[in-house]
Amino acid sequence: MGNSAGRSDFEWVYTEQPHTQRRKEMLAKYPAIKALMRPDPHLKWMVLGMVLAQLLACRLVRGLAWRWLLFWAYAFGGCVNHSLTLAIHDISHNTAFGTGHPAHNRWFAIFANLPLGVPYASSFKKYHVDHHRYLGGDGLDVDVPTRLEGWLFCTPARKLLWLALQPFFYSLRPLCVNPKAMTRMEVFNALAQLAANATIFTLWGLKPMVYLLASSLLGLGLHPISGHFVAEHYMFLQGHETYSYYGPLNCITFNVGYHVEHHDFPSIPSCNLPLVRKIAPEYYDHLPQHHSWVKVLWDFVSKDSLGPYARVKRVCKLAEDGL
């Protein structure tokens, strides 16, 4: 049942991740980039709008037939909830209120989490810093699939199933690869989520809760926006481990497509990432890039060379200081 047609292991490299050196070079050449490391003044209002939109949707779906509820959960709620996870990603870099107000950012991420139905924001922040510090790090970067995933999900049908189950793998993988002690913020995140879920259920019944949970599962599973999960770091071209996408879906995904730029400058809010490329185009325009997240998903499923094993991995030394 092994991956006989495609890859049988990760792409092991013995070099440092490319983003650290490029960051130093670019800041030396373009000091103006430092001015982009400031909070996004619009982020909090966009998040508030999306949370309120999902609250309104909860009221509207109460009388819908189940098939229509699931349709709207995929077509509308899936887009909103997936976008909220990417807002949480942005907030995890302290871009809502700035690095001087870490508590404000953490609590606001918990607020952005409420329409997702399951607590996520605080756990995500705890692990996401490792994804940047130890990109591809064996046992440290939980964005990289496990060997079991690489071995098992190796045929088109199984890769399709793997894509559909992405929310479960992203939730459970950290517990297997790099378990960490639960933090106080994770407890607060869970309590706030339980309170919100109980309130919605008490006020409006079961259907709104099913709508929110279905929005998260369907929107983060086999959905056009979910192409970014694969597009960002799966090795479509030998020697390249991070890729950008500059297409229209960036408008509803907080510019997550500008992924090379984001890894070069994690403290720059998503709204300013296009300016990084504009200031220093010679660092980005020549790199391989994706033009369609749907094509990314199609290629991932159909090509033998792609699958959970198509990731760069390295052995990293533990850092003592923060990012």
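The values are calculated or read from the model by the stated rules, or taken from the named source; none is laboratory data. As the structure is a prediction and not an experimental result, all values here were calculated from the model. Don't worry about glycine lacking a Cβ; one is built from the backbone with ideal geometry, like all the others, and counts go over all protein chains shown. All accessible areas refer to the heavy atoms of the entire protein, side chains included, with ligands and DNA or RNA removed. Shrake-Rupley method; radii C 1.70, N 1.55, O 1.52, S 1.80 Å.
Between W12, W293, W107, the GNM of the chain built on Cα springs shorter than 10 angstrom shows W12 fluctuating the most.
Quick one: dipole size for region 40-145, taken about the Cα centre, charges +1 on Lys/Arg Cβ and -1 on Asp/Glu Cβ, in debye to the nearest 20.
The dipole magnitude comes to about 520 debye.
Per residue, how many Å² of accessible area does region 1-68 show with a 1.4 Å probe?
Values: 4540 Å² over 68 residues.
For region 1-68, the per-residue accessible area is 67 Å².
In the context of the full set of protein chains, region 161-305 has a per residue accessible area of 45 Å² (1.4 Å probe). Debye-formula intensities of the chain, expressed as log10 I(q)/I(0) at q = 0.11, 0.13, 0.14 Å⁻¹, are -0.71, -1.01, -1.17 (one equal scatterer per alpha-carbon, no solvent). Summing charges over all other residues whose Cβ lies under 10 Å from the Cβ of I91, with Lys and Arg as +1 and Asp and Glu as -1, gives +1. Ligands, DNA and RNA left out, the 1.4 Å accessible surface of region 1-81 is 65% carbon and sulfur atoms. Solvent-accessible area of region 260-312 (1.4 angstrom probe, protein heavy atoms only): carbon and sulfur portion equals 62 percent.
The fraction of accessible area contributed by carbon and sulfur in region 115-219 is 75 percent, rounded to a whole number (1.4 Å probe; ligands and nucleic acids excluded). For region 175-323, the relative contact order works out to 22 percent when only alpha carbon pairs closer than 8 Å and six or more residues apart are counted. Each Lys or Arg adds one and each Asp or Glu subtracts one; over the other residues with Cβ under 12 Å from the Cβ of Y309, this totals +1.
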